[in-house]
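Undergrad: Please find one structure pasted underneath; my questions will follow.
Bear in mind these aren't lab numbers, they're just calculated from the coordinates by the rules spelled out. These numbers were taken from a predicted model, which means no experiment stands behind them. Note that each Cβ is placed from the backbone with ideal geometry, even for glycine, and that neighbours are counted across all protein chains shown.
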Amino acid sequence: MALFLIVFLPLLSSLVVGFFGKKLNLMLSHSLSCLMIIIPFFLSLYFLKLTLSGSYHIVVPLFEWLSSGDLITEWSLRLDLLTSVMLVVVTSVSSLVHIYSIGYMSHDPNQTRFFAYLSFFTFAMLILVTSNNFLQLFFGWEGVGLASYLLIGFWHKKDSANSAAMKAFVVNRVGDFGFLIGLAILFFYTSSLDFDIIFSMNEQLSSNTFSIFNIDFNVLNTACFFLFMGAMGKSAQLFLHTWLPDAMEGPTPVSALIHAATMVTAGIFLVARCSPLFEMSPSILSFITYIGASTAFFAATVALVQNDIKRIVAYSTCSQLGYMFVALGSGAYQIAIFHLFTHAFFKALLFLGSGSVIHAVSDEQDIRKMGGLYKLIPFTWIVMLIGTLGLTGAPLLSGYYSKDGIIEAAFVSQTEGHFYAFYLLVFSALLTSFYSWRLIFLTFNGKSNISTEIFSKIHESPKVMLFPLMVLSILTIFSGIYFVDYFMSHDYQFLWQTAIYLSESNHVIESIHYVPKWVKYSPLVMMVLGLITAIIFYLIYPNIPKILSNKFNPLYKFLLNKWYFDELYELIFVRNISRIGNFLSNFGDKRVIDGLGPDGISLRVMDIAKQVSRIQTGYIYHYAFAMLIGLMLFITYFFVRV
Amino acid sequence: MDNWNLLSIITFLPLVGALFILLIPQNNNTSSERNSKSVALWTSLITFLISLLLLIGFDTSDPSFQFVERIVIADGLMTYQLGVDGFSLVFIILTTFLIPFCILISWDSIKDRVESYMIAFLVLETLIIGTFSSLDIILFYLFFESVLIPMFIIIGVWGGQRKVYSAFKFFLYTLLGSILMLAAIIYLYINTGSTEILLINERLNINISTQNILWLAFFSSFAVKLPMWPVHTWLPDAHVEAPTAGSVILAAILLKMGGYGFLRFSLPFFPDASLFFAPLIFILSIVAIIYTSLVAFVQTDMKKLIAYSSVAHMGFVTLGIFTFNSQGIQGAVFQMFSHGLISAALFMCIGIVYERLHTRLISDYGGLVSNMPHFAVFFMLFTMANIALPGTSGFIGEFLTIIATFKVSVIAAVLAASGVILSAVYGLFLYKNMFFGQITNEAIEILKDLNNREKLILIPLAFLVIFFGLYPSPIINLISSSSENLVDILNLTLNDNLSLELKK
């Protein structure tokens, strides 16, 4: 029942606020939306406590959904440790985002609609993490996509927002296409979509093959590949990442929700949930490792040179998701979830903090036009510092435990490509530290580049926005040290046994406690190096970046333009789709089909009719002449026959 | 309940209503118009309510025909025989459910010859229900082809600028198919000595090559109706010119007569030929899904866009039917049912804005959401249903079809699934250009949101689209025994063929 409430209270508030929000008192709809997500948060905490005490696992059936032939699915809610961690992440960040939005959106005339979308988003994510079969997971999966589409395009008068929303949905659909294929494969070989049934058949799946065009494919590998394709779309991994930075077009609280707690974590969750499948498919695990590490590196390099404050944080998300995938690929599912958990807090903090900065400087987002803000908005400055320390992995803060865990896991893993991942991740840690501090220094330190008009209006955000920042700061500081044992200590296997499957030979989490010293300290060293470089570049000699960008202009352009992915896709897909469409429409349909078909036939009929009608001239002598000839032919024929 | 002649009542009640309208004195004033509208509305509503009795009395576990009525007519040449199984029942209910909406949506938009318009719709209803309930092949043919006449008139009289061109194109295409089908029907009669579908099924004994020819004859008719690629080009033109309610009936019900024909005739009569031609159908369906989705994307006329998307969705129907397994067939029928709701709703939505702005060009719109927020919500819901978002009825059919197709051909399933990307592209493209962005057309500034009549139309459709998306079982249960029965027949043939090959 409590589980039911967790999932459906946000839906209820979404519907009530969405349909009747305009009629309700604003205060009432605010408190309703917030309350309907805060209650689930406390219930989730209760469940987390319950599941952390041992191997707890229940399934609450609701009602039948789709049954056809041998396919039987039902709506149901599943709870185990993995779910309850996700529940806490989603509901906590969502509650804080709801509260923060009261202040952030206070001038928007359509804010009730905004709250309805936020609650719906939360609902979709909750149904996703509590699902007990792939179909329901897909429902939440696409529901999240829809909600993000609505939220990113919330300011619908901005063209860029509309395009970004559409891009997000379509790119996600590319991933969903993979997901659907994955489902079809799994269903074909197991006649079920239930997690437990499919997972129990994992060995059988891995021994089957099917062939297309005489090429043999392993069933499990193929299924995992396509499922991972879905995860790549949702979690914005390389090649399907392009929607994520553009998603910044939405209001800032949305960015926090999308990037920190929901949506992008769905892909990580999916792979962790399907650990019994992925665990049996080492080649796909190594593929995940490669993709994850490359994404982590790629996004970090792009973040180095961006100037939009939200865009930097967005690329940082993309990069951190890459870290999580490396953890998954290495077989350290718990650490991936741990990083997801801590990342949710410090990333939400960074986003909401950026929102507070943007709020203060009259909606300016370019960090080159800021500077020296630390005196003016000290509270925001401090929380941003905490967020940055968390992200870069400063000792004892949350990111330190989870991120270092991932790097160590990459080192000790058995997965092919783990060294590639290890070195890239270590290097990315340096980049992460550099771009994070660059953001801080350009925004808060140095001399101010703000126009006097805006300068006079700078103010700290209202309390309703600062409160969530404070809570998130506390979580950023303590969530790592408090929870690390549940994810990485020696009895992790007992705790997670119902949620995550580990093969016999997988001892990654055991072994990370015995890595060499240099591996253990490398991320920390990288972080300090990044910090020092940033201090030199932006505090001591602020001319260096300019000189470097001039000297290495092509490289700088390459990074600034995000490796030209958007341009490439525009060239390959976007333009060609309309070109092909036009061709098919004008040539295929109009010329070929209609031309040979109905239009052609009716033209021919008309032609013949015209020819025939030409005979009917209306002159008597023509008819008389024709009759004469006819008569002659007739007589001739008669004679000849005789 | 069998001797109540329930099916005949449902079939001919609309015709009675049409006669009533004829009796109303025609003096071209508003009162006679209003009277004919009310008669039409009440007739169709009562027909709908009576048709619900079918649902109550229908035994879902029984795959044979129910509510059968049989009278021998024309000196024993043919019979007047009606009856329903799960397949036909779904379509009959869909028809009786949608006709009242068609009348409601035309309430203000049709201004001249209102009486004739209402008569045309009621006659159309009779003919459609007759088509879905006939158990005699000649009777079926009569109903099936007569549907063309009122539809032709509706497009030709109350249509747009190029209405004559469209009406003729529509007629030409469908005529070609129907002549071939008639020839095949005559052959069946000569071969079996009966026109009753059940008897033909029992007695039909023909070799494989004759089966193939007959199959093609039926196919030519059904493929045009559905429509399948490449005989689809009449549909966009017909839609563009048809009045809103005409488009609704066309997309929601007339297209389904093609799919119904495959299920009722092609598969059970000619199982060998169906198996033989299945690859052809697969190819045509896949082409339809991808090709027409791409074409839909570049349309500038919103009705054409939806029309092309209908063709793509029908691609899933044919794909599902010719997988010959229960998920595929149930998916196909569900897809037809759900598309009936969704396309009806979308065409009604377009009608609603067309009445206000009198343009169908997408570029004339933009920023609608500011003045029509309620309408925007409905349109969003139907767009999402159209692009098969889980939780809407559109998803169920496509999902079942994809997993069923996977059992037969992996490649086909993958290609069909790519439809989910393409449909998102054109669906969201349309939505974005209509509803979002700056308002460029001044006329949009003063638009009014939905009135109560329009809400009354859209709310039930929206409810059903979500309801059947979350709980499709009522429909699936209705058709499951009929589809299992059909699958059994096909499997039997398949096994026979296999054993024959083994003997050789």
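Undergrad: Pull up all non-local amide H partners of B:Gly367: gap of 5 or more, or a different chain, and H-to-H distance under 5 Å with H placed in the peptide plane.
TA: The list, which skips near neighbours in sequence, is B:Phe435, B:Phe436, B:Gly437.
Undergrad: In whole Å, largest first, what are the principal axis extents of the Cα atoms in the stretch A:344-475?
TA: Computed over the stretch A:344-475, the largest-to-smallest principal extents equal 58, 28, 20 Å.
Undergrad: Related question: Could you tell me the relative contact order of chain A? Use alpha-carbon pairs under 8 Å, at least six residues apart, and round to a whole percent. Working shown, then result.
TA: Numbers: 1021 pairs, mean separation 81.8, N = 642.
Computed value for chain A: 13 percent relative contact order.
Undergrad: As a footprinting exposure proxy, order A:Val85, B:Val408, A:Val412 by other Cβ within 10 Å, with the fewest listed first.
TA: Numbers: A:Val85 28, B:Val408 17, A:Val412 22.
In order of increasing Cβ crowding within 10 Å: B:Val408, A:Val412, A:Val85.
Undergrad: Right, another one. Pairing the Cα long axis of helix A:134-152 with the longest principal axis of chain A, what angle in degrees results, from 0 to 90 and rounded to the nearest 10?
TA: Taking the Cα atoms of chain A, the angle to A:134-152 is about 90 degrees.
Undergrad: Along the charge dipole of chain A, which of A:Trp141, A:His359, A:Leu391 sits closest to the positive end, that is, farthest toward it, with unit charges on the beta carbon of Lys, Arg, Asp and Glu (+1, +1, -1, -1)?
TA: Going by the Cα projections, it comes out as A:His359.
Undergrad: Report Rg(Cα)/(2.2 N^0.38 Å) for the protein assembly as shown, keeping two decimals.
TA: Ratio of Cα Rg to 2.2 N^0.38 Å: 1.04.
Undergrad: Taking the beta-carbon count within 10 Å as an exposure proxy, list A:Thr112, B:Thr210 from fewest neighbours to most.
TA: Exposure proxy ranking, most exposed first: B:Thr210, A:Thr112.
Undergrad: Let me spell out the model: positive unit charges on the Cβ of Lys and Arg, negative unit charges on the Cβ of Asp and Glu, origin at the Cα centre of chain A. What dipole size does that give, in debye rounded to 20?
TA: In total the dipole reaches around 2080 debye.
Undergrad: Turning to a different aspect of this structure: Under a crude label model (7 Å from the Cα following the beta-carbon direction), how far is A:Leu396 from A:Gln497 in nanometres?
TA: About 3.7 nm separates the two model spin labels.
Undergrad: So if I place +1 on the C-beta of Lys and Arg and -1 on the C-beta of Asp and Glu, and nothing else carries charge, what would the dipole magnitude of the protein assembly as shown be about its Cα centre? I want it in debye, nearest 20.
TA: 3060
Undergrad: Identify, among A:Leu193, A:Ser101, A:Val174, the residue whose Cα sits farthest towards the positive end of the charge dipole of the stretch A:87-215, taking +1 on the Cβ of Lys and Arg and -1 on the Cβ of Asp and Glu, with the dipole about the Cα centre.
TA: Value: A:Ser101.
Undergrad: While we're on this one: Mind checking which helices in chain B clear 30 Å along their axis (Cα) and have mean Kyte-Doolittle hydropathy of -0.5 or more, DSSP H runs only?
TA: What comes out of the filter, once short or polar helices are dropped, is B:30-57, B:163-192, B:271-297, B:326-357, B:473-503.
Undergrad: At a Förster radius of 35 Å, what calculated FRET efficiency corresponds to the Cβ-Cβ distance of A:Val525 and A:Glu453, to the nearest 0.05?
TA: Step by step, r from the Cβ atoms, then E = 0.20.
Undergrad: With an 8 Å cut-off on Cα pairs and a minimum separation of 6 or more residues, tell me the relative contact order of chain B in percent.
TA: On the way: 816 pairs, mean separation 74.9, N = 504.
Reported as a whole number, the value is 15 percent.
Undergrad: Once every DSSP H run of n ≥ 4 in chain A is given -39500 (n - 2.57) and the sum is divided by its residues, what mean residue ellipticity at 222 nm do you get, rounded to the nearest 500 deg cm²/dmol?
TA: Taking each H run of at least 4 residues, the total per residue is -23000 deg cm²/dmol.
Undergrad: Ranking B:Ile329, A:Ile258, B:Ile200 by Cβ neighbours within 10 Å, fewest first, what do you get?
TA: With the sparsest Cβ surroundings first, the list reads B:Ile200, A:Ile258, B:Ile329.
Undergrad: Sticking with this one: Estimate the FRET efficiency between B:Asn207 and B:Ile179 by the formula 1/(1 + (r/R0)^6), using the beta-carbon distance for r and 25 Å for R0, to the nearest 0.05.
TA: FRET efficiency, B:Asn207 to B:Ile179: 0.55.
Undergrad: Treating only the Cα positions of the stretch A:1-132 as identical point scatterers, give the base-10 log of I(q)/I(0) from the Debye formula at each q in 0.10, 0.11 Å⁻¹.
TA: Log10 of I(q)/I(0), two decimals: -0.36, -0.42.
Undergrad: Please identify the chymotrypsin sites (Phe, Trp or Tyr not before Pro) of the stretch B:38-69 that satisfy two criteria: DSSP loop assignment and at most 13 other Cβ atoms within 10 Å. Which are they?
TA: Answer by residue number: there is no such site.
Undergrad: Also, I was wondering about something else. In bins 20 Å wide, starting from 0, what share of all Cα pairs of chain A does each bin hold, as a percent?
TA: That works out to 18, 48, 20, 5, 5, 3, 0, in percent per bin.
Undergrad: Nearest 20 debye, what's the magnitude of the dipole of the stretch A:1-101 about its Cα centre given +1 on Lys and Arg Cβ and -1 on Asp and Glu Cβ? Write down the numbers at each step before the final one.
TA: Working: 4 positive and 4 negative charges, 97 e Å.
For the stretch A:1-101, the charge dipole is close to 460 debye.
Undergrad: Full-extension gain between A:Phe478 and A:Ile212, please, as 0.36 nm times their residue separation minus the C-alpha to C-alpha distance.
TA: 90.5 nm
Undergrad: Calculate the FRET efficiency for A:Trp563 and A:Ile382 from the Cβ-Cβ distance with a Förster distance of 30 Å, rounded to the nearest 0.05.
TA: For R0 = 30 Å, the calculated efficiency reads 0.30.
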